[in-house]
1. Would you call residue 150 touching an Asp or Glu at 6+ places or on another chain (Cβ under 7 Å) and either over 18 Å from residue 24 (Cβ atoms) or open to solvent by 20 Å² or more (accessible area, probe 1.4 Å) (or both)?
2. Identify, from the list 116, 138, 103, the residue that is among the basic types (Lys, Arg) and crowded, with 16+ Cβ neighbours inside 10 Å.
3. Residue 62 passes all but one of (1) surrounded by fewer than 18 Cβ atoms within 10 Å (Cβ to Cβ); (2) within 24 Å of residue 128 (Cβ to Cβ); (3) in contact (Cβ under 8 Å) with a residue 12 or more places away in the chain; which number fails?
4. Run down 89, 93 and say which single residue is more than 9 Å from the ligand (Cβ to nearest atom), within 19 Å of residue 50 (Cβ to Cβ), open to solvent by less than 50 Å² (accessible area, probe 1.4 Å) and out of contact with any helix residue (DSSP H, G or I) (no Cβ under 7 Å at 6 or more places or on another chain).
5. I need the full set of residues from the range 24-48 which are touching a strand residue (DSSP E or B) at 6+ places or on another chain (Cβ under 9 Å), within 17 Å of residue 4 (Cα to Cα) and either assigned to a helix (DSSP H, G or I) or more than 16 Å from the ligand (Cβ to nearest atom) (or both), in order please.
6. Pick from 112, 131: which is of a type in the set (D, E, K, R), within 13 Å of the ligand (Cβ to nearest atom), closer than 19 Å to residue 24 by Cα and modelled with pLDDT of 95 or more?
7. Being touching a residue at least 24 places away in the same chain (Cβ under 8 Å), exposed (fewer than 12 other Cβ atoms within 10 Å of the Cβ) and of a type in the set (Asp, Glu) narrows it down to one residue among 24, 37; which is it?
8. I'm checking my understanding of the structure. Among residues of the range 121-169 that are more than 16 Å from residue 94 (Cα to Cα) and hydroxyl-bearing (Ser, Thr, Tyr), which one is nearest to the chain's Cα centre (by Cα)?
Amino acid sequence: MRLVKPSLEWKEQHEEYVAEWGSDRMVPSSMDLSGFDTYDEFLFALDLRAKGEIPWVPSSHYFLIDSQNQIVGMVDIRHELNEFLRTIGGHIGYGIRPSERNKGYATLLLQEALKKCRELQIEQVLITCDEDNIGSAKVIMNNGGLEEDIFITEEGLMKRRFWISVKEN
Ligand SMILES: CC(C)(COP(=O)(O)OP(=O)(O)OC[C@H]1O[C@@H](n2cnc3c(N)ncnc32)[C@H](O)[C@@H]1OP(=O)(O)O)[C@@H](O)C(=O)NCCC(=O)NCCS
């Protein structure tokens, strides 16, 4: 398994991946292709986002690729926290394609993303999930997440907030 950055060579696979989510909201939303007329437009917008163009904070975006060279998951790493990320979004967002869930891939993807956080010198990583997202909470706890509290959004959504320390000893 490896992480790779989005590029034109993944266009067809990326489109298939998005199609597999059907009407479900794709996570991370930065990797959703809807709203873009071409893949180049998507890559351009992602690059602006990665560079921290307002309103975004700087970020990194990766596909998780399996041994068959298939995209099985996607992850976003936000390098800094703004007000929204500190309460609701967290540093990392991830998703696994529906046909590849429950095989340990999200646990592995988060583990790899935490290595990237260490390289980025983010020592305390905040990860959140919806209160009813048992799978995601397990993924976070599998990676050493310690729950701080639950933040309730204006819409009444309950977000569990976990911290993972990736400080080198
Ligand atoms: C949540 C999600 C990322 C989990 O991915 P995954 O690859 O299936 O997770 P894993 O296989 O690593 O499973 C981790 C644990 O969660 C459990 N789990 C996974 N999905 C579950 C579910 N729907 N309900 C209950 N437990 C679940 C697994 O059994 C495993 O348990 P274990 O550690 O005790 O063995 C995936 O379901 C997904 O992409 N969902 C939509 C997007 C999303 O919610 N992203 C997270 C945003 S915070």
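The values are calculated or read from the model by the stated rules, or taken from the named source; none is laboratory data. This structure is a prediction, so every number in the text was calculated from the model and none was measured. Neighbour counts run over all protein chains shown; Cβ positions are idealised from the backbone, glycine included. The protein model used for the area step is the full one, side chains on, heavy atoms only, and it has no ligands, DNA or RNA in it. Shrake-Rupley method; radii C 1.70, N 1.55, O 1.52, S 1.80 Å.
1. So residue 150 passes the test.
2. Values: 138 fails: crowded, with 16+ Cβ neighbours inside 10 Å; 103 fails: crowded, with 16+ Cβ neighbours inside 10 Å.
Unique residue meeting the criteria: 116.
3. (1)
4. Checking each option against the conditions leaves just 89.
5. 30, 31, 46
6. Values: 112 fails: closer than 19 Å to residue 24 by Cα.
The unique qualifying residue is 131.
7. Details: 37 fails: touching a residue at least 24 places away in the same chain (Cβ under 8 Å).
Being touching a residue at least 24 places away in the same chain (Cβ under 8 Å), exposed (fewer than 12 other Cβ atoms within 10 Å of the Cβ) and of a type in the set (Asp, Glu) holds for just one of 24, 37, which is 24.
8. 165
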